[in-house]
Amino acid sequence: MAEEQLKEIWNNLAEILALYGMSLVGAIIILIIGLWFSGFMAKMTRRLMSRSSKIDATLTGFVSSMVRYAIIVFTIIAVLGKFGVQTASLVAVVGALGLAVGLALQGTLANFAAGVMLLLFRPFKAGHYVDAGGIAGTVRTITLFSTELDTPDNIRITVPNGQIWGQSIRNFSHHNTRRLDVGCGISYSDDIDKALAVMKQVAEADSRVLKEPAVNAFTDQLADSSVNLVVRVWCASSDYWALKWDMNKAVKQAFDEAGIDIPFPQRTLIIKGNLPAEASTTQEKLS
């Protein structure tokens, strides 16, 4: 009895091997080749993307991983096809599942797409001072989903990449130099040429001011209470704020020494018509 059962089991195994033996061998070969090819393509993708200095290392690692897993998925589908599994239906199910996940994660995927664009085009990098997504700060980390900024008062802010990529980005650190305008108003009775000369002298005396482009001082506006003057200089981006604050102070002190007035706002009040006695007294006091 036992011999008959063993013989039946052996016959069944023989039939299975006869039917699926070649498919099993083919599936194993496909699996081995697919796994090897996925690793090979991942390495090639990483190598090719690493040659470009414009592509961030984070994006390189992510894309190479996506290439590897995509090839593995296709390999598994091919292996299942060797055993008669309807791969068309399987692909349809995977596609429907991917669509459902995509709809559920619209915001996350939008941030992910924006992160890819930021890492690919690199409008800024770590260490740059930027105004992005309505928030100004120094960039610390750029990931696929968010960007971390440190504000001047040392607050860490995490901004979704979708918010940054969807708006204009101002990068204050992109160039090595920046233009600085320092303005000041003088009274209408003061000598404009003298005041311009004083402002220009103050600017040229500061070692942080670049020689080229040359310092330029000019009359900017004839305002209600003052003549507004501007001295325009160029400096290293790292010196911008310190130079701005120091020059505001230096121009004020230089004007004081030269006897040039910085006027307060003035208004002329004219009252017409018959006035009560109390208003007439007030008008006399104003006069």
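The values are calculated or read from the model by the stated rules, or taken from the named source; none is laboratory data. Nothing here was measured: the structure is a model prediction, and the numbers come from that model. Note that each Cβ is placed from the backbone with ideal geometry, even for glycine, and that neighbours are counted across all protein chains shown. The area values use the complete protein model at the heavy-atom level, side chains included, leaving out ligands, DNA and RNA. Shrake-Rupley method; radii C 1.70, N 1.55, O 1.52, S 1.80 Å.
Some notes on this structure:
- Screening the candidates Leu31, Leu48 for the property of being at pLDDT 65 or above, assigned to a helix (DSSP H, G or I) and over 33 Å from the mean Cα position of the chain (by Cα) yields one hit, Leu31.
- Single condition Asp261 does not satisfy, out of (1) at pLDDT 95 or above; (2) in contact with a strand residue (DSSP E or B) (Cβ under 9 Å, 6 or more places away or on another chain): (1)
- Those residues of the range 226-238 which are more than 18 Å from Leu196 (Cα to Cα) and either modelled with pLDDT under 95 or surrounded by fewer than 15 Cβ atoms within 10 Å (Cβ to Cβ) (or both), in sequence order: Ala236, Ser237, Ser238
- Strands (runs of 3 or more DSSP E) completely within the range 102-170 that count 1 or more residues being over 13 Å from the mean Cα position of the chain (by Cα): 156-160
- Pairs meeting the criteria (first residue in the range 176-193 and over 11 Å from Leu229 (Cα atoms), second residue basic (Lys, Arg) and open to solvent by 50 Å² or more (accessible area, probe 1.4 Å), beta carbons under 7 Å, at least 6 apart or on different chains) are Arg179/Arg232; Leu180/Lys244.
- Within the range 149-168, residues that are within 19 Å of Leu119 (Cα to Cα) and open to solvent by less than 50 Å² (accessible area, probe 1.4 Å) reach partners that are part of a loop (DSSP other than H, G, I, E, B) and not hydrophobic (A, V, I, L, M, F, W, C) with beta carbons closer than 6 Å, at six or more positions or on different chains, in the pairs Val159/Gly133; Ile164/Gly133.
- Test: Ala114 is under 21 Å from His175 (Cα atoms) and modelled with pLDDT under 90: no
- Cross-chain or 6+ apart pairs with Cβ under 8 Å, the range 116-135 first and open to solvent by less than 50 Å² (accessible area, probe 1.4 Å), then of a type in the set (D, E, K, R): Leu119/Asp56; Val130/Arg170; Asp131/Arg170; Ala132/Arg170
- Residues that are open to solvent by less than 90 Å² (accessible area, probe 1.4 Å) and part of a loop (DSSP other than H, G, I, E, B), drawn from the range 207-223: Arg208, Leu210, Pro213, Ala214, Val215, Ala223
- For Phe40: the one exception among (1) modelled with pLDDT of 65 or more; (2) closer than 26 Å to Thr147 by Cα; (3) of a type outside the set (Gly, Ala, Ser); (4) surrounded by fewer than 15 Cβ atoms within 10 Å (Cβ to Cβ): (2)
- Check on Val85, within 22 Å of Val116 (Cα to Cα), open to solvent by less than 70 Å² (accessible area, probe 1.4 Å) and either of a type in the set (A, V, I, L, M) or modelled with pLDDT under 75 (or both): no
- For Leu180, the test of being in contact with a Cys (Cβ under 9 Å, 6 or more places away or on another chain) and open to solvent by less than 40 Å² (accessible area, probe 1.4 Å) is passed.
- For the range 88-111, the candidate set comprises residues that are closer than 14 Å to Asn161 by Cα and either open to solvent by 70 Å² or more (accessible area, probe 1.4 Å) or touching a Gly at 6+ places or on another chain (Cβ under 6 Å) (or both); within that set, the residue that is modelled with the lowest pLDDT is Gln106.
- Residues of the range 126-158 satisfying the condition of being in contact with a strand residue (DSSP E or B) (Cβ under 7 Å, 6 or more places away or on another chain), of a type in the set (D, E, K, R) and under 26 Å from Asn176 (Cβ atoms): Asp131, Arg140, Glu148, Asp150
- Across the range 183-203, the number of residues qualifying as out of contact with any helix residue (DSSP H, G or I) (no Cβ under 9 Å at 6 or more places or on another chain), open to solvent by 100 Å² or more (accessible area, probe 1.4 Å) and part of a helix (DSSP H, G or I) comes to 1.
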